[in-house]
Amino acid sequence: MSEISLMQQRPPHVRFDNVEVEDREASIEAGYYVPKNIPHAIITPPGGRDSIHKEVTEWLKKLKSDGMNQITPLAWYEHFSSAFEQWKLGNEIPEYGTPVLTFLPFTPAQRAALIAANIRTVEDCAEMSEDTMQRVGMGARELRNKAVNALGSANVQVALIEKQQSKIDMLEQQNEALMERLTALENAEKQPKTAKAA
């Protein structure tokens, strides 16, 4: 899979939760059922209806392996590993992208409709399928267009900033070259005067 197609993939929405299972050894030793909590990742594709549950440690191992083999972007593993650490500390899991909840061009009702359809980032909204748009309801196409335009504007802004930075870098290099020439001229001017004085 090419790097470009990898970068175009959108990650799933993931939340973490503890699932109670039997601690078999402790149960045998105690003579009665002893529970233990195992963290699970609850994984839903962007705009998808169904979720799958995976034991977090095993899932993160597979995600890392998939990233190393370029099946999925390695950045997903890094993001979700960090998100899991944040969850263990009791912090909110950051979205992978621009959260719909803080995107001002969408109204509160539009944000609620998107989140109900498992669309949690502006990037996911920009890539909504026809099926997902039907579930979002009226105005979904307009929301998708807004997201596409916003992301396009952001890309244009980034490009402009990079262009300005290139100009600044070039001017700094020219300035350094001029300063070197000026210093060389000043040194050359001082040498003949010193020679005459001697």
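Checking Phe80 against (1) out of contact with any Lys or Arg (no Cβ under 9 Å at 6 or more places or on another chain); (2) over 13 Å from Ile43 (Cβ atoms), which test does it fail?
Result: Phe80 passes all but (2).
Going residue by residue through the range 63-86, is there one that turns out to be among the basic types (Lys, Arg) and touching a strand residue (DSSP E or B) at 6+ places or on another chain (Cβ under 9 Å)?
no
Going by the conditions given, is Pro35 at pLDDT 90 or above, touching an Asp or Glu at 6+ places or on another chain (Cβ under 9 Å) and either more than 14 Å from Pro12 (Cβ to Cβ) or among the charged types (D, E, K, R) (or both)?
Working: at pLDDT 90 or above: no; touching an Asp or Glu at 6+ places or on another chain (Cβ under 9 Å): yes; either more than 14 Å from Pro12 (Cβ to Cβ) or among the charged types (D, E, K, R) (or both): yes.
Criteria not met by Pro35.
Select the helices (runs of 4 or more DSSP H) contained entirely in the range 105-198, then report the ones holding at least 1 residues which are at pLDDT 85 or above, basic (Lys, Arg) and touching a Cys at 6+ places or on another chain (Cβ under 8 Å). Give the steps one after another, and end with the answer.
Working: elements: 108-116, 122-126, 130-136, 140-197.
Once the helices (runs of 4 or more DSSP H) in the range 105-198 are filtered for at least 1 residues that are at pLDDT 85 or above, basic (Lys, Arg) and touching a Cys at 6+ places or on another chain (Cβ under 8 Å), what remains is 140-197.
Can you name the condition, by its number, that Gln86 falls short on among (1) farther than 27 Å from Lys146 by Cα; (2) at pLDDT 85 or above?
Result: Gln86 passes all but (2).
Here are some residues: Ala26, Ala75, Ala41, Ala30. Which one is outside the structural domain of Asp124 (by TED's automatic domain parsing), exposed (fewer than 15 other Cβ atoms within 10 Å of the Cβ) and touching a Lys or Arg at 6+ places or on another chain (Cβ under 8 Å)?
Checking each option against the conditions leaves just Ala26.
Given the conditions (1) under 21 Å from the mean Cα position of the chain (by Cα); (2) surrounded by 12 or more Cβ atoms within 10 Å (Cβ to Cβ); (3) not charged (D, E, K, R), report the number of the one that Pro105 does not fulfil.
That leaves (2) as the condition not met.
The values are calculated or read from the model by the stated rules, or taken from the named source; none is laboratory data. Computed from a predicted structure; not experimentally measured. We place every Cβ from the backbone using ideal geometry, glycine too, and count neighbours over all the protein chains shown.
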